[in-house]
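Notes for the one structure printed next.
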Amino acid sequence: MSTARHAGPRPRVGVVIVNHNQKEVLRACLKSWRKVRYPRLTLLVSDDVSTDGAPEMVRRSFPGVRLVRLERKGHFTGASNAGLKALAGDHDFLFLGNNDTEVEPDILDHLVAAALEDPKRSVLAPKILFRDRPDLIWQAGFYMHPLLGITGDVGFKKRDDGSFDRPNEPDYISGCAMFFRVEAVRPLGFFREDLAIHTEDSDLCYRLRARGWKLWYVPKARLYHRVSLTMGEGSPATYYYFTRNMLAFHSRHRVGPFWPLPLISFLCLATPAASLRFLLRGRPRGFLEVWRGVADWVRGRYGIRY
């Protein structure tokens with residue numbers, strides 16, 4: 001996509017917010033998007049079989065917001081894809097956000113400008129701050145350790161003092177807030193739905209990078225995140241999906257010059273450490289879910305379990 005195409009009207013942007021049984025959190029999210037000043041904007045909620053009245057709230061309180069309702073549970077990947085595919089045909093860019101996020105009014109101005117600077121930028125990320133501590137960074141990009149096979153948030157819990165204000169290319173971008181160039185991502189079918197949740201974002205980013213597309217971090221674009229409301233931070237279900245899907249990621253992508261060391265390190269070091277933490281905290285179910293994730297990876301069993 002050339003920038004000349006958009007010399008006149010600004011690019012069309014579709015925003016997809018994924019929701020599951022978080023009606024009031026979703027309300028706050030949509031209120032923040034109401035304040036966004038971007039002129040060519042479509043808002044859509046993709047609801048993953050909520051039973052708390054969230055779809056009815058959207059229709060009643062936000063009549064200009066489009067709504068997609070899944071008939072059966074799709075989890076994050078299924079709900080995301082349903083919304084993204086609904087808007088991909090008539091938008092140039094798509095923003096995917098969690099329901100537990102709120103945005104600054106100029107977020108799309110900065111993301112669109114950065115995307116148009118380089119037509120090879122396929123996915124762009126804002127700076128993500130803690131919703132309840134907006135002076136602290138939750139994420140300024142993600143990194144993938146080339147030896148240990150683990151991931152980490154750049155700038156996690158660091159003060160937002162300007163130290164993370166340099167635009168750069170991260171290893172991958174969080175599904176919490178992804179700004180897509182449609183022509184890059186649409187041919188890939190967006191996320192792999194067999195992953196359900198966790199590492200679907202890194203998987204997509206590495207598929208794009210393998211095809212010559214770039215990622216980009218845009219610190220002037222700002223978003224605030226209430227962390228892990230849907231599944232719970234550190235929950236057994238989270239560790240099941242994370243373990244299974246990280247092993248799948250390393251098997252499928254063979255990242256870095258030291259492969260298969262990242263796969264071996266994750267399986268033999270990170271996985272036992274995670275399961276041991278559950279045991280030491282008196283949470284045997286968490287211990288079992290970690291190793292269930294390993295077992296399902298070995299069997300090639302993917303899809304939704306929770």
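What follows is calculated from the coordinates using simple rules that are stated; it is not laboratory data. Fair warning: this is a prediction, and the values are worked out from it, not measured in the lab. Using ideal geometry, Cβ is built from the backbone for each residue, glycine included, and neighbour counts are taken over all protein chains shown.
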- Task: Evaluate the charge dipole of the stretch 11-225 about its Cα centre and quote only its size in Debye, nearest 20, assuming +1 on the Cβ of each Lys and Arg and -1 on the Cβ of each Asp and Glu.
- Result: 400 debye
- Message: Kirkwood Rh and Cα-based Rg: tell me the resulting Rg over Rh for the chain, rounded to two decimals.
- Response: 0.95
- Along the positive direction of the dipole of the chain (beta-carbon charges: Lys, Arg +1; Asp, Glu -1; about the Cα centre), which of Ile128, Gly162, Ala248 reaches farthest? Ala248
- Find the Rg to Rh ratio for the stretch 161-304, where Rh is the Kirkwood radius over alpha-carbon pairs and Rg uses the same atoms. 0.99
- Read phi for every residue in the stretch 296-306 and hand back ³J(HN,Hα) as whole Hz from Karplus 6.51 cos²θ - 1.76 cosθ + 1.60, θ = phi - 60°, with x for Gly and Pro. 5, 5, 4, 6, x, 8, 10, x, 8, 10, 10
- Message: Please give me the summed charge of the neighbours of Ala295: other residues whose Cβ is under 11 Å from its Cβ, Lys and Arg +1, Asp and Glu -1.
- Response: +2
- Note on the structure: With Cα coordinates, the longest principal axis of the chain makes an angle with the long axis of helix 236-253, in degrees rounded to 10, of 90 degrees
- Note on the structure: The convex hull of the Cα atoms of the stretch 172-251, divided by residue count, gives a volume in Å³ per residue of 108 Å³
- Which angle from 0 to 90°, rounded to the nearest 10, does the C-alpha axis of helix 107-117 make with the longest principal axis of the chain? 90 degrees
- Query: Along the charge dipole of the chain, which of Leu147, Ile304, Pro260 sits closest to the positive end, that is, farthest toward it, with unit charges on the beta carbon of Lys, Arg, Asp and Glu (+1, +1, -1, -1)?
  - Reply: Ile304
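Quick one: plug the Kirkwood hydrodynamic radius of the stretch 1-140 (C-alpha pairs) into Stokes-Einstein at 37 °C, 0.692 mPa s, and report D in µm²/s.
My calculation gives 208 µm²/s for D.
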- Task: Could you tell me the distance between the Cα centroids of the stretch 34-56 and the stretch 128-161, to the nearest Å?
- Result: 27 Å
- Among DSSP beta bridges lying fully in the chain, give the percent that are antiparallel, nearest 5. 40 percent
- Item | Environment charge of Leu96, counting only residues whose C-beta is closer than 14 Å and scoring Lys/Arg +1, Asp/Glu -1 | -1
- Query: Going by alpha carbons, how many degrees (0 to 90, nearest 10) lie between the helix axis of 75-88 and the longest principal axis of the chain?
  - Reply: 30 degrees
- Using every alpha carbon pair in the stretch 236-299, what percent of pairs falls into each 5 Å bin from 0 up to the bin containing the largest distance? 4, 20, 29, 23, 13, 7, 3, 0
